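The values are calculated or read from the model by the stated rules, or taken from the named source; none is laboratory data. As the structure is a computational prediction, the values presented were derived from the model and not from experiment. Here Cβ is always computed from backbone atoms with ideal geometry, including for glycine, and neighbour counts include all displayed protein chains. Side chains are part of the model used for accessible areas, which takes the heavy atoms of the whole protein and leaves out ligands, DNA and RNA. Shrake-Rupley method; radii C 1.70, N 1.55, O 1.52, S 1.80 Å.
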Amino acid sequence: MVDQKGTVQIQHISKVYPNGTVGLDDIDLTINAGEFVVVVGLSGAGKSTLMRAINRLHDISDGAILIDGEDITQAKGKALRRLRRNLAMIFQNFNLVKRTTVMRNVLSGRVGYYSTFKSTLGLFSKADRQQALANLERVNMADKAYIRADELSGGQQQRVAIARAMMQSPTVFLADEPIASLDPKTTKMVMDDLKRLNEELGMTVIVNLHSVPLALEYASRVIGLQAGKLVYDKQIADVNQTDFAAIYAEAGDKE
Amino acid sequence: MNTASIEGKFSQKWHLKGLLITLLIGLIFWASVRDIGVETTFSWDQFWQLLAEMAHPDWSYFPVIVKPILQTIQMALVGTLLGTLLAVPFSFLAARNLVKNPWLRGLVRFFLNIIRAIPDLLLAALFVAIVGIGPMAGVCALTVFSFGMVSKLFYEAVETIDEGPSEALTAAGANTIQTIVFAVIPQVVNPFLSYFLYTLEINVRASTVLGYLGAGGVGLYLDQTLSMFRYDRTAVLILGILAVVLVVDSLSNHLREALA
């Protein structure tokens with residue numbers, strides 16, 4: 001467990017937006033390698049902000065985030081890009097380039113390993129092309145490799161996004177509300193994909209979710225955020241169904 | 001302020017602001033008409049005579065104008081292509097979502113604004129003075145003119161792209177150039193091609209009159225036939241230009257619809 005890669009140490013981080021809004025408020029938590037962590041909380045609780053702080057799509061105001069001991073919040077240029085390679089991410093809106101083929105989308109996940117020159121000319125190695133196909137195979141999308149991404153359904157696009165993220169050979173897999181725009185059937189497929197990455201490849205998986213039942217079904221650890229604060233953190237064995245009422249209750253019982 | 005009235009204030013009830021503005025515009029218009037002397041020099045007789053002569057085109061003149069018309073199209077094509085190619089890097093530098101530094105972006109935009117402020121005919125006159133009479137001056141003028149127009153259309157296209165793919169590429173550890181190549185360019189290729197065709201349409205029209213200033217193309221012949229009062233030949237030229245413009249327009253419209 002000690003030498004397994006994929007540990008994320010979040011050390012007292014805070015995020016205050018320029019307009020004074022507090023996004024994250026002194027969050028301190030260590031996510032161990034190989035965990036399947038589900039982050040729950042209301043919209044605006046800071047789930048997305050926390051996730052984007054981990055791979056530094058957002059800068060934080062205070063604190064540090066160590067990825068296997070290296071501080072990403074201080075990294076610059078090449079060092080930052082090298083750290084980001086280890087942190088794959090999938091999104092609520094899939095974020096594929098819709099006008100290009102599935103294959104090219106998947107290969108684009110690998111550009112962090114290439115020089116500007118080589119990647120611009122599309123000179124991907126044979127091994128990486130094979131890896132791209134293998135990753136598509138893993139999410140059952142190999143037969144769609146050469147069609148345009150906008151011809152796919154939402155669920156299929158998310159699975160392609162997973163294949164793309166896997167091209168990074170990541171140690172940590174971040175998923176920001178990956179199933180928010182999917183139907184129940186594809187939701188299960190995507191969540192199963194993530195579960196397999198976690199169990200078979202040993203990746204640390206961090207997922208933002210709205211759905212408590214899904215959290216209970218897949219997570220090994222559940223974290224709750226409320227108004228930017230860490231209010232809940234339990235291993236799945238210790239979780240009580242009734243715990244969640246508190247996380248979701250205070251903003252009014254509308255849901 | 002007396003609030004309780006359902007009809008609002010007096011000025012609102014009678015649209016005082018609107019009335020005053022309309023009155024002002026009317027006044028400016030009337031003064032302009034009077035100062036220019038509209039009506040005083042317009043002769044309907046001459047107009048009908050010209051139209052009557054034009055109604056009998058001298059078709060034997062047609063073979064003479066084929067070459068200059070082709071040259072006009074070639075000028076437009078080369079000028080538009082060069083201007084468009086030049087515009088690509090500048091449009092990326094001027095796009096808010098790619099260049100976060102407001103000073104660099106502002107500088108590039110300022111430069112583009114200045115270029116765009118120069119009318120095409122003025123550019124033609126300038127380049128005739130620089131490179132001499134001939135189609136080269138026309139190509140230069142059209143290049144600069146297209147550059148100014150296209151770069152603005154381009155950077156606005158870049159600013160409307162979906163930021164999601166760029167975010168995904170950044171998250172994957174791509175650098176700025178890789179993000180542009182993999183996430184931005186695939187999204188803007190079609191609008192870029194569409195704007196290129198649109199500019200070509202405009203340039204084909206513009207290039208027909210550049211010859212007046214000695215910048216090559218069919219304009220020179222327009223000038224000659226008009227000054228020799230050979231309206232029957234002018235008619236052939238106008239019909240020829242009309243045909244070319246119609247063909248280029250419909251071709252470009254067709255292609256642009258396919259691109260959308």
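Condition test on B:Pro165, is it touching a Pro at 6+ places or on another chain (Cβ under 9 Å), within 14 Å of chain A (Cβ to nearest Cβ), more than 19 Å from A:Gln168 (Cα to Cα) and assigned to a helix (DSSP H, G or I)? I'd like the intermediate steps shown before the answer.
Numbers: touching a Pro at 6+ places or on another chain (Cβ under 9 Å): yes; within 14 Å of chain A (Cβ to nearest Cβ): yes; more than 19 Å from A:Gln168 (Cα to Cα): no; assigned to a helix (DSSP H, G or I): yes.
Criteria not met by B:Pro165.
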Pair list, Cβ < 8 Å and 6+ apart or interchain, from segment A:6-17 residues that are surrounded by fewer than 21 Cβ atoms within 10 Å (Cβ to Cβ) to residues that are among the hydrophobic types (A, V, I, L, M, F, W, C) and at pLDDT below 90:
A:Ser14/A:Val22; A:Val16/A:Val22
Need the failing condition index for A:Ala79 against (1) free of Cβ contacts under 8 Å to residues at least 12 places away in the same chain; (2) within 23 Å of A:Met191 (Cα to Cα); (3) among the small types (Gly, Ala, Ser), just the number.
(2)
(1) surrounded by fewer than 19 Cβ atoms within 10 Å (Cβ to Cβ); (2) hydrophobic (A, V, I, L, M, F, W, C); (3) on the phi < 0 side of the Ramachandran plot: which one isn't true of B:Phe229, the others all being true?
(3)
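If you take the residues in segment A:96-121 that are outside any loop (DSSP other than H, G, I, E, B) and within 16 Å of B:Gln187 (Cα to Cα), which one is farthest from the other protein chains (Cβ to nearest Cβ)? Before the answer, list the steps.
Filtering segment A:96-121 for residues outside any loop (DSSP other than H, G, I, E, B) gives A:101-108, A:111-113, A:116-120.
So of that shortlist, the ones also within 16 Å of B:Gln187 (Cα to Cα) come out as A:101-102, A:104-105, A:108, A:120.
On the way: A:Thr101: 10, A:Val102: 13, A:Arg104: 8, A:Asn105: 9, A:Ser108: 4, A:Thr120: 5 Å.
Going through the qualifying residues, I end up with A:Val102.
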The one condition in (1) away from chain B (no Cβ under 14 Å); (2) assigned to a strand (DSSP E or B) that A:Ser43 fails to fulfil:
(2)
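Matching residues to (1) surrounded by 22 or more Cβ atoms within 10 Å (Cβ to Cβ); (2) under 16 Å from A:Gln157 (Cβ atoms); (3) modelled with pLDDT of 90 or more; (4) of a type in the set (S, T, N, Q):
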site	(1), (2), (3), (4)
A:Ala79	no, no, yes, no
A:Arg84	yes, no, yes, no
A:Gln92	no, yes, yes, yes
A:Asn95	yes, yes, yes, yes
A:Thr101	no, yes, yes, yes
A:Val106	yes, yes, yes, no
A:Phe117	no, no, yes, no
Within segment B:169-181, of all residues that are in a helix (DSSP H, G or I) and open to solvent by less than 10 Å² (accessible area, probe 1.4 Å), the one nearest to A:Arg85 (Cα to Cα) is B:Ala171
With (1) in a strand (DSSP E or B); (2) surrounded by fewer than 22 Cβ atoms within 10 Å (Cβ to Cβ); (3) not hydroxyl-bearing (Ser, Thr, Tyr) as the list, and A:Val38 as the residue in question, which single condition is left unmet?
(2)
Hey, can you tell me all the residues within segment A:136-157 that are part of a helix (DSSP H, G or I) and either surrounded by fewer than 23 Cβ atoms within 10 Å (Cβ to Cβ) or more than 13 Å from chain B (Cβ to nearest Cβ) (or both)?
A:Leu136, A:Glu137, A:Arg138, A:Ala142, A:Asp143, A:Lys144, A:Asp150, A:Glu151, A:Gly154, A:Gly155, A:Gln156
The residue from A:Asp192, A:Asp183 that alone is modelled with pLDDT of 90 or more and over 16 Å from A:Arg104 (Cα atoms) is A:Asp192
Within segment B:42-57, residues being of a type outside the set (A, V, I, L, M, F, W, C) and in contact with a helix residue (DSSP H, G or I) (Cβ under 6 Å, 6 or more places away or on another chain) number 3
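When you go through A:Leu194, A:Leu133, A:Leu201 one by one, which is the residue that is away from chain B (no Cβ under 14 Å) and open to solvent by less than 10 Å² (accessible area, probe 1.4 Å)? Steps first, please.
Details: A:Leu133 fails: open to solvent by less than 10 Å² (accessible area, probe 1.4 Å); A:Leu201 fails: open to solvent by less than 10 Å² (accessible area, probe 1.4 Å).
Step by step, each of A:Leu194, A:Leu133, A:Leu201 is checked, and only A:Leu194 is away from chain B (no Cβ under 14 Å) and open to solvent by less than 10 Å² (accessible area, probe 1.4 Å).
Could you please give the count of residues in segment B:198-226 that are closer than 30 Å to B:Ser166 by Cβ and free of Cβ contacts under 8 Å to residues at least 60 places away in the same chain? Reasoning before the result, please.
Step one: list which residues in segment B:198-226 are closer than 30 Å to B:Ser166 by Cβ, which gives B:198-200.
Restricting the remaining residues to those that are free of Cβ contacts under 8 Å to residues at least 60 places away in the same chain gives B:198.
Selection size over segment B:198-226: 1.
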Among the residues of segment B:199-210, is any buried (at least 23 other Cβ atoms within 10 Å of the Cβ), within 25 Å of B:Asn97 (Cα to Cα), more than 14 Å from every other protein chain (Cβ to nearest Cβ) and at pLDDT 90 or above?
yes
Provide a single number: the residues in segment A:50-77 that are within 14 Å of chain B (Cβ to nearest Cβ), out of contact with any helix residue (DSSP H, G or I) (no Cβ under 9 Å at 6 or more places or on another chain) and either buried (at least 17 other Cβ atoms within 10 Å of the Cβ) or at positive phi (or both).
4
Could you say whether any residue in segment A:158-181 is within 14 Å of chain B (Cβ to nearest Cβ), closer than 12 Å to A:Val102 by Cα, basic (Lys, Arg) and surrounded by fewer than 19 Cβ atoms within 10 Å (Cβ to Cβ)?
no
